[in-house]
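Student: This structure is in structure tokens; I'll ask about it shortly.
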Amino acid sequence: PCSVPAVRITLLRHATIVVALGGRRILVDPMLDPAGARAPVRGTPEPRPNPLVPLPVTPEEAVAGIDAVIVTHTHEDHLDAAGVTALPRNLPVFCQPDDLPELVPLGFSDIRPLPDAPAGWDGLTLARTRGRHAHDDRMAAGLGPVSGVALSAPGEPAVLVAGDTVWCPELDAAIAAHRPEWIVVNAGAARFVEGGLITMGAEDVIAVARAAPEATVVAVHMEAINHCLETRADLAGAVEAAGLAGRVLIPADGESVGP
């Protein structure tokens, strides 16, 4: 019988996902606080305590059986207090080089800057990708650098976790360079009271899908933080109208997707 590629992407909540690839399980952006543990994001519409919804599992279950962690950037909705507490200190933690000063004092013993060129780790290949945390250049600069990661394993579909980026030339270049068959994008149309989007809205998600016609796009980062105003239903309607419903998946919290 034919073997089935083992790629599996599980959304826990917001941008917190588990990527199963090459026999390894990688936890991305562990936001594991209980619902309502934090104040609303400052300067944003609809001020409600964050996270808006509970995790579908306990923090202990979220980190069980994990082989490595990727922190795309250290904003609190991507690494929070419960995430820091729950992670075993000896796990490899991959991060963007800019975040080393924040992560080193937390006591992790194996912090590794994501490589710009593809590099091997435990049977996988990883490479840092770039993005922009807003369409407006000044706003993007104020929010700091963000990263994604391209992941691959021999004989399995390649995965690109884009991180907190809007559609931009950097992401277009990453898609061209790594030719992923699965692309995880952070949607939700996050914004402040003033200024434009700082994560993908429906138009950005549709642009990704059209730029990578051979890929399946997995949209996450919705309905969990107060400044993410575009819902799953909003995005589903836009994707359907664009004729892309079969290629853009919008998982619920706790749901897994993959071949």
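Student: Keeping to the range 62-76, report how many residues are crowded, with 22+ Cβ neighbours inside 10 Å and either among the aliphatic types (A, V, I, L, M) or in contact with a Lys or Arg (Cβ under 9 Å, 6 or more places away or on another chain) (or both).
Tutor: Going through the range 62-76 one residue at a time, the tally reaches 4.
Student: I'm told Asn90 meets every condition in (1) in contact (Cβ under 8 Å) with a residue 24 or more places away in the chain; (2) part of a loop (DSSP other than H, G, I, E, B) except one. Can you identify the failing condition by its number?
Tutor: Going through the list (1) in contact (Cβ under 8 Å) with a residue 24 or more places away in the chain; (2) part of a loop (DSSP other than H, G, I, E, B), Asn90 breaks only (1).
Student: Moving to a separate point now. Among the candidates Ala211, Ala242, single out the residue that is open to solvent by 10 Å² or more (accessible area, probe 1.4 Å), touching a helix residue (DSSP H, G or I) at 6+ places or on another chain (Cβ under 7 Å), of a type in the set (A, V, I, L, M) and under 15 Å from Leu160 (Cα atoms).
Tutor: Of Ala211, Ala242, the one residue that is open to solvent by 10 Å² or more (accessible area, probe 1.4 Å), touching a helix residue (DSSP H, G or I) at 6+ places or on another chain (Cβ under 7 Å), of a type in the set (A, V, I, L, M) and under 15 Å from Leu160 (Cα atoms) is Ala211.
Student: Taking strands (runs of 3 or more DSSP E) that do not extend beyond the range 117-184, which have at least 2 residues that are open to solvent by less than 10 Å² (accessible area, probe 1.4 Å) and at negative phi?
Tutor: Correct list: 124-130, 147-152, 159-161.
Student: Restricted to the range 6-40, and to residues that are charged (D, E, K, R) and not in a strand (DSSP E or B), which residue is surrounded by the most Cβ atoms within 10 Å (Cβ to Cβ)?
Tutor: Checked the range 6-40; the qualifying residue surrounded by the most Cβ atoms within 10 Å (Cβ to Cβ) is Asp29.
Here is a yes/no grid of residues against (1) within 20 Å of Arg132 (Cβ to Cβ); (2) in a loop (DSSP other than H, G, I, E, B); (3) of a type outside the set (Asp, Glu):
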{"site": "Met200", "(1), (2), (3)": "yes, yes, yes"}
{"site": "Ala219", "(1), (2), (3)": "yes, no, yes"}
{"site": "Asp234", "(1), (2), (3)": "no, no, no"}
{"site": "Ala238", "(1), (2), (3)": "no, no, yes"}
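Student: Identify all residues within the range 142-159 that are touching a residue at least 40 places away in the same chain (Cβ under 8 Å) and of a type in the set (A, V, I, L, M, F, W, C); write none if there are none.
Tutor: Leu143, Val146, Val149, Leu151, Ala153, Val159
The values are calculated or read from the model by the stated rules, or taken from the named source; none is laboratory data. Model, not experiment: these values are computed from the prediction. Don't worry about glycine lacking a Cβ; one is built from the backbone with ideal geometry, like all the others, and counts go over all protein chains shown. Surface areas here come from the heavy atoms of the whole protein model, side chains and all, with no ligands, DNA or RNA. Shrake-Rupley method; radii C 1.70, N 1.55, O 1.52, S 1.80 Å.
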